[in-house]
Amino acid sequence: MSVIAIVGAGMMGSALSFPLRENGHEVRLVGTHLDREIISSGRKTGRHPKFDRDFPAGMKYFQIEELDEALAGAELMVSGVSSFGVDWLAETVLPRIRVPVLSVTKGLSLGEEGNLADFPSGYAARFPGLCFNAVGGPCTSYELVAGDQTVVTFCGPDPEALAWLKGLFATPSYHIRLSADVRGTEAAVALKNGYALGIALSVGLCRRQFKNETLHFNSQAALFEQGLKEMAALLRLMGAGEDCLFTGAGDLYVTVYGGRTRKLGILLGEGDTFAQAMAKLDGVTLESVAITGRVAEAVRKWAEKGICSLRDFPLLLHVDGILSEGRKADIPWEDFVRA
């Protein structure tokens, strides 16, 4: 049995407690300052407020003020924060860590020169004595909790550490492949968020056009193809390995069909502005919105330097226009043919 501290009680961080407890490990779930209700719920009811199943028996719950107690004796820390919490994690938590880290955070940081960097590499540069690893999809938190079959990618710089991590987490339903391509894996699973939003636009557009709830798959499939085409181009520009696109494709598929990104895309396709849609979603923070803006800015800077052409990314730039400039959804279909 190993002792694992999960810092960040969001849905995916919390969901990873299920395979860990299934394998008999001690799991200490630590809420950030934003997770107080979740930790309180775990202590009182044994359930995450957004899960349909109770947490596994034997879980231990800690508020952020109890972080040092939760980390004492832990052999692994799982970072369950969103991309909006990476700076907080680096400033508050990582200086206290002396054990390997596994991150579930999806996103990329944008440098002043337009370079896109994955979070584990950024952490490693700042904390050179620690071993940083990450999880890539496809996997949704609620299906992991339900025990649906999935195959995910664990990536990291040390093959022995990755093999150890696989031994901790792998179950008969949670299957894990290993990759040394941290940059590529992290880029692929981050990029899919923005493109999932773009594909979901078609659901709302079809509802608006056809005035019914019938699903129309032609437009979704065309956007899926264009999304993969643009993701492949971006991954090449970032120096990612070829296999990463497949990880991103699987994660793209599952993201299109569930979650808040799909809801946002449908609302935008139905005719809402970004502000109107976010009001209906109670202003939730979405990785898809953050990653779209960062990647679009990077692409524009790359184009200015002659590294790429804006014509190669019509779907990305259309989605960014909706989010950053308040444009209405109007898919540039002919630009896909010319791209």
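The values are calculated or read from the model by the stated rules, or taken from the named source; none is laboratory data. Worth saying up front: this structure is predicted, and the values here are computed from it rather than measured. When we count neighbours, we look across all protein chains shown, and the Cβ atoms used for this are built from the backbone with ideal geometry, even at glycine.
Considering the stretch 310-335, and only residues there that are part of a loop (DSSP other than H, G, I, E, B) and among the hydrophobic types (A, V, I, L, M, F, W, C), the residue that is surrounded by the fewest Cβ atoms within 10 Å (Cβ to Cβ) turns out to be 331. Of the residues contained in the stretch 284-297, one or more are found to be surrounded by fewer than 19 Cβ atoms within 10 Å (Cβ to Cβ), on the phi < 0 side of the Ramachandran plot and of a type in the set (A, V, I, L, M). The condition of being part of a helix (DSSP H, G or I), assigned by TED's automatic domain parsing to the domain that holds residue 311 and among the hydrophobic types (A, V, I, L, M, F, W, C) holds for residue 235. When the residues of the stretch 199-232 are filtered to those that are assigned to a helix (DSSP H, G or I) and β-branched (Val, Ile, Thr), the one that is nearest to the chain's Cα centre (by Cα) is 199. When you scan the stretch 18-29, do you find a residue that is crowded, with 22+ Cβ neighbours inside 10 Å, among the polar types (S, T, N, Q), touching a Ser or Thr at 6+ places or on another chain (Cβ under 7 Å) and touching a residue at least 12 places away in the same chain (Cβ under 8 Å), even just one? No - not one qualifying residue is present in the stretch 18-29. For first residues located in the stretch 200-216 and at positive phi, partners that are polar (S, T, N, Q) and loosely packed, with under 15 Cβ neighbours inside 10 Å and lie 6+ apart or on another chain with Cβ distances below 6 Å do not occur.
Does at least one position in the stretch 156-171 carry a residue that is polar (S, T, N, Q) and touching a strand residue (DSSP E or B) at 6+ places or on another chain (Cβ under 7 Å)? Checked against the condition, which is being polar (S, T, N, Q) and touching a strand residue (DSSP E or B) at 6+ places or on another chain (Cβ under 7 Å), the stretch 156-171 yields no hits at all.
Restricting the search to the stretch 258-310, which residues are closer than 24 Å to residue 189 by Cβ, of a type in the set (D, E, K, R) and out of contact with any Phe, Trp or Tyr (no Cβ under 9 Å at 6 or more places or on another chain)? Once the filter is applied, which keeps residues that are closer than 24 Å to residue 189 by Cβ, of a type in the set (D, E, K, R) and out of contact with any Phe, Trp or Tyr (no Cβ under 9 Å at 6 or more places or on another chain), the stretch 258-310 yields 260, 262, 263, 294, 297, 300, 301. Of the residues making up the stretch 318-327, just one is touching a Leu at 6+ places or on another chain (Cβ under 7 Å) and over 13 Å from residue 191 (Cα atoms), namely 322.
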